[in-house]
Amino acid sequence: MSRFADPQPPTVCLTDFWTRKEEYQHIIWLLHHLRSTDRWVFAKQASNQMYPIHVVLTQKCTTDKVGLVAARALMHLLLEAHPEAARVRVNDKLALHMATENGWPCHDLLLAIYPEALNCVDPHTKMFPFQAAARCAANSLSPISLDVTYELLRSNPTNFIGLGG
């Protein structure tokens, strides 16, 4: 083994990240500055066609109440930097599908940009966004999921009509 071998990267625990206010505030501050100098970074798709917001939304969000504030700030920043990403489907899923499925507190931010997403069924799960949020609530993945379910259903109760047998 070479004495110049690459050291192993440290293990990162996102749960700890969300609860360390000074750390996530610093990262969001850095992203704000990046947005003002190099906004194009947020509009650059990866080879898998994902924008930065999609990469984030495919991850499970924290369930820590303090961390949810940081998660929402991150979503606000990403949407402000590249709002068009809310309309883009990645693997047939919209950002709203990913957000409700993974417990991200940003459904209202996404709907402000693309309200039509409320009526779009996720082609993989065959669920409306309110149903995905309800499933998230049932699995206790997020303390806000039940509120999100109610808000999404209240936004368009006609999605509920006809679901019963």
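Since every read-out is calculated from the coordinates, none of them should be taken as a lab result. It should be emphasised that the depicted structure is a prediction, and the values quoted were computed from it without experimental measurement. Glycine also receives a Cβ, built like all others from the backbone with ideal geometry; neighbour counts cover every protein chain displayed.
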Quiz item: Relative contact order of region 14-157: what whole-number percent is it, with Cα pairs under 8 angstrom and at least 6 residues apart?
Solution: 20 percent
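Rounded, prolate or oblate, given the Cα gyration tensor of region 12-76, with a/c below 1.5 counting as rounded?
In terms of gyration-tensor shape, oblate.
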Quiz item: Of the peptides 66-74, 119-127, how do they stack up when ordered by the mean number of other Cβ atoms within 10 Å, highest first?
Solution: 66-74, 119-127
Exercise. Could you pull out which residues in region 57-74 have an amide N less than 13 Å from a spot 7 Å beyond the Cα of Glu80, following the Cα-Cβ vector?
Key: 72-74
Exercise. Mind running the shape call on region 39-128? Use the C-alpha gyration tensor, a ≥ b ≥ c as the square roots of the eigenvalues: rounded below 1.5 for a/c, prolate if a/b tops b/c, oblate otherwise.
Key: rounded
